Amino acid sequence: MKGLDSSGSMSAVRHDRGSLAAAVAVASSRHAEIRGFENKSLYESVYGQGHKGRDVNRHSYLLPSHSFLGASTRYGDHSIKQTDTAADPRLDALVDWINSIDAVSGCEPRPASADASFRRYFRLQKGPESFIAMDAPPSQEDCRPFVGIAADLISMGLNAPEVLEADLDKGFLLMTDLGTELYLDRLTERPAMADSLYFDATEALHRMQTSGAALQAALPPYDEKLLRAELSLFRDWLCGSRMQFVFSNADEAQWQACCDALVANALSQPRVFVHRDYHSRNLMVTKDNNPGVLDFQDAVEGPFTYDLVSLLKDCYVQWPAEQVRQWALNFHAGLDAAVRQTIDEPLFIRQFELMGVHRHLKAAGIFCRLWHRDGKAGYLGDVPRTLEYILELGPKYAELGFLVRLIDEQVLPDWDVSP
């Protein structure tokens with residue numbers, strides 16, 4: 001990577017396709033190679049509609065985490081339920097739409113995965129070829145960011161699904177299929193492969209941050225308003241709705257001091273193209289160009305350690321702290337020399353670890369909201385692991401004292417994974 005520019009952003013060493021026009025051209029040309037698909041102006045129409053306005057209000061602040069049929073559920077109950085087609089008018093409409101596309105007409109959609117949002121995914125098999133259809137109700141999900149960011153990632157040479165056909169008004173997409181094996185499943189079943197899998201994932205992240213430099217300014221900003229809104233998820237949904245805590249004035253002051261420190265850490269970092277949910281349930285093991293990258297639609301321009309800590313301090317699989325530190329330092333070693341002169345190893349680890357505290361507070365709050373607001377209880381079992389990352393840092397960061405005591409003395413001792 002190159003050094004910081006005048007805006008504090010990282011700029012790429014080389015980026016031959018670093019424009020929105022190039023992203024459109026690359027995605028559209030690959031799209032045109034597939035027989036039976038006629039909507040060649042899909043990407044142009046999405047970009048033309050300005051889907052990338054810097055408006056954070058369109059984001060759901062979810063941690064979209066896929067569950068694939070046959071995938072491991074040992075880290076919480078995220079299993080997908082079979083759809084009752086007789087009482088599913090959206091599925092009926094999706095089938096009609098599928099049948100209007102020559103290349104997949106007549107294919108029976110089978111549930112492929114589910115996530116924490118309102119989106120659903122179905123697999124279509126046409127001879128030896130497999131495709132994914134996405135159903136995203138327009139009243140709750142906007143497909144345009146997904147289509148646009150997919151084109152961005154493809155233009156960077158990353159392995160993202162190609163959107164082949166779309167009805168944006170109905171909320172239907174047809175995409176290439178990146179397979180069925182989650183990073184989480186491979187990591188838990190074959191942990192000896194962790195080094196190679198994380199090497200591939202961090203290399204892809206390097207590419208996203210360098211090649212994404214020309215595209216990131218079009219993304220919504222990961223600014224103070226959004227950072228504080230995410231921290232409030234822990235305060236409101238875990239401490240409030242789940243645990244029924246009542247903060248005293250002194251508690252509130254200490255909580256706000258913790259938030260101030262975490263926000264300051266995030267805002268002090270170089271700004272890059274941030275996937276925003278880069279972890280083992282959103283990465284696929286692929287034979288070529290590993291990993292496949294999913295659930296990127298909430299990408300923002302933000303802190304350069306955010307995706308790295310999401311990956312290495314994963315809410316769904318945990319590794320020894322020293323191993324995580326070494327993987328993080330390996331990523332740091334891959335930065336441009338000018339960046340490493342500005343951000344040495346101790347500062348980098350501090351930024352990485354405090355960014356993780358922000359991520360894990362946000363995630364724990366979302367897991368509680370998914371139950372109390374959306375009726376999805378499966379993520380409650382992931383809360384203890386998520387908060388344990390914060391406890392590990394207690395002896396190292398005095399500014400986290402209130403938070404560590406709260407989690408250690410009041411949250412985890414009484415935590416109940418049942419709804």
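The values are calculated or read from the model by the stated rules, or taken from the named source; none is laboratory data. Bear in mind that the values here come from a model prediction, so they are computed numbers and not experimental data. A quick note on method: Cβ atoms are made from the backbone with ideal geometry, for glycine too, and the neighbour counts reach across all protein chains shown. Ligands, DNA and RNA are excluded from the accessible area calculation, which covers all protein heavy atoms including side chains. Shrake-Rupley method; radii C 1.70, N 1.55, O 1.52, S 1.80 Å.
Some notes on this structure:
- Cross-link pairs exceeding 29 Å in C-alpha to C-alpha distance, out of K225/K313; K376/K396; K287/K362; K225/K396; K126/K362, comprise K376/K396; K287/K362; K126/K362.
- Segments 199-205, 185-191 sorted - mean Cβ within 10 Å per residue, highest first: 199-205, 185-191
- When the convex hull of its Cα atoms is viewed from all sides, the stretch 356-419 shows a mean projected area of 4.1 nm².
- Mean accessible surface per residue for the stretch 154-281, computed with a 1.4 Å probe while every protein chain stays in place, in Å²: 34 Å²
- Stretching the chain fully between A229 and S268 yields a gain of 12.2 nm (0.36 nm per residue, less the alpha carbon separation).
- 12 Å beta-carbon shell around C368, net charge (K/R +1, D/E -1): +2
- Considering the stretch 81-222, its Cα convex hull presents a mean projected area of 10.6 nm².
- Among the protein heavy atoms of the stretch 287-387, carbon and sulfur supply 48% of the accessible surface, probe 1.4 Å, non-protein parts ignored.
- Net +/- balance of residues flanking R276 in space, Cβ distance below 12 Å, scoring K and R +1, D and E -1: -4
- Working ranking of peptides 209-216, 237-244 by packing, defined as the average number of other Cβ atoms within 10 Å per residue, highest first, is 209-216, 237-244.
- Among 400-411, 90-101, sorting by the average number of other beta carbon atoms lying within 10 angstrom of each residue, highest first, gives 400-411, 90-101.
- Relative to the current alpha-carbon distance between A377 and E322, full extension at 0.36 nm per residue lengthens the span by 16.6 nm.
- Per atom type, the stretch 82-218 shows carbon and sulfur on 48% of its accessible surface, probed at 1.4 Å.
- Charges were assigned to the Cβ only: +1 to each Lys and Arg, -1 to each Asp and Glu. The resulting dipole of the stretch 336-383 about its Cα centre is roughly 340 debye.
- Convex hull of the stretch 271-419 built on C-alpha atoms - directionally averaged projected area, nm²: 10.4 nm²
- According to the Cα-based calculation, Rg over Rh for the stretch 231-281 is 1.10, with Rh computed by the Kirkwood formula.
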